[in-house]
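The values are calculated or read from the model by the stated rules, or taken from the named source; none is laboratory data. This structure is a prediction, so every number in the text was calculated from the model and none was measured. Methodologically, a virtual Cβ is constructed for each residue, glycine included, from the backbone with ideal geometry; neighbour enumeration extends over all protein chains shown.
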Amino acid sequence: MSRVFVDATTLVALGQVGELQLLDSFEGALSVPDAVRAAVTVEPARTNLDRFLDDHEVVVGPVDTDWHAEAIQALGAAERTSDTELIEGVLATIEERRAAPTSDAPPVGLISDDRRLRTVAEGLGATVTGTFGVVVRAAAVDRYFSASQAKRVVRRIDSHGMHLTGEMREQAVGATE
């Protein structure tokens, strides 16, 4: 089974509009490191995240691997942060899969809207997507979540401060048609 790490950017965006359940459209174990959870401080995203974590099978807790230094170096960070913990988890998961491959599925994914974090994770071999990718995926795999519902979610997220360029809006809304 693959592991999918979720960044605070996506948790805030989906949590603000009460749509964290769209993360269920991903196969594999969702993982929210403690440092990421702590970074979600704005309401109602924080309350919605706490409820989501209580009601869903999500791996939570500290990222405790031997990949601290490599993650910090990969991101060019001065110290350990929620971003370095995500990359640390990506590195550890990739190494676990190399040691004991169990399937042809991608071993690790990252859901984030942070361009730098996405670039580093993709360079390491992770599959990456962002908040709007979550909405598009949910519309594609969940027969009870229609394209029109996906468009409404995109508009609600957009109205809560996560603005799309015209091209991104066309991709997110157009992909659900």
In the range 48-99, what residues are among the hydroxyl-bearing types (Ser, Thr, Tyr) and either in a helix (DSSP H, G or I) or over 13 Å from residue 33 (Cβ atoms) (or both)?
82, 84, 93
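Quick one: in the range 60-77, of everything that is touching a Gly at 6+ places or on another chain (Cβ under 9 Å) and not aromatic (Phe, Trp, Tyr), which residue is surrounded by the fewest Cβ atoms within 10 Å (Cβ to Cβ)?
It comes out as 65.
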Given the criterion over 20 Å from residue 133 (Cβ atoms) and modelled with pLDDT under 95, identify the matching residue among 54, 50, 104.
104
For the range 2-25, name all the residues that are over 22 Å from residue 160 (Cβ atoms) and not β-branched (Val, Ile, Thr).
2, 3, 5
Looking at 25, 31 in this structure, which one is of a type in the set (Ser, Thr, Tyr), within 24 Å of residue 145 (Cα to Cα), touching a residue at least 40 places away in the same chain (Cβ under 8 Å) and crowded, with 21+ Cβ neighbours inside 10 Å?
31
Kindly list the number of the only condition in (1) among the acidic types (Asp, Glu); (2) out of contact with any helix residue (DSSP H, G or I) (no Cβ under 6 Å at 6 or more places or on another chain); (3) modelled with pLDDT of 95 or more that fails for residue 96.
(3)
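Residues in the range 34-46 that are part of a helix (DSSP H, G or I) and exposed (fewer than 13 other Cβ atoms within 10 Å of the Cβ): how many?
At the first step, the residues of the range 34-46 found to be part of a helix (DSSP H, G or I) are 34-39, 45-46.
If we keep only those that are exposed (fewer than 13 other Cβ atoms within 10 Å of the Cβ) too, we end up with 38.
Count: 1.
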Quick check: is even one residue across the range 21-38 of a type in the set (Lys, Arg) and over 17 Å from the mean Cα position of the chain (by Cα)?
no
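Residue by residue through the range 12-33, note down the ones that are charged (D, E, K, R) and in a loop (DSSP other than H, G, I, E, B). Working first, answer last.
Step one: list which residues in the range 12-33 are charged (D, E, K, R), which gives 19, 24, 27.
Result: 19, 27.
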Kindly list the number of the only condition in (1) among the β-branched types (Val, Ile, Thr); (2) in contact with a Ser or Thr (Cβ under 9 Å, 6 or more places away or on another chain); (3) in contact (Cβ under 8 Å) with a residue 60 or more places away in the chain that fails for residue 129.
(3)
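Let's see how each residue does on (1) farther than 17 Å from residue 74 by Cβ; (2) out of contact with any His (no Cβ under 7 Å at 6 or more places or on another chain); (3) buried (at least 20 other Cβ atoms within 10 Å of the Cβ):
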| residue | (1), (2), (3) |
| --- | --- |
| 111 | yes, yes, yes |
| 119 | no, yes, no |
| 122 | no, yes, no |
| 126 | no, yes, yes |
| 132 | yes, yes, yes |
| 138 | yes, yes, yes |
| 141 | yes, yes, no |
| 144 | yes, yes, no |
| 147 | yes, yes, no |
Looking at the range 47-73, which of its residues are out of contact with any Asp or Glu (no Cβ under 9 Å at 6 or more places or on another chain) and closer than 18 Å to residue 111 by Cβ?
49, 52, 53, 57, 58, 59
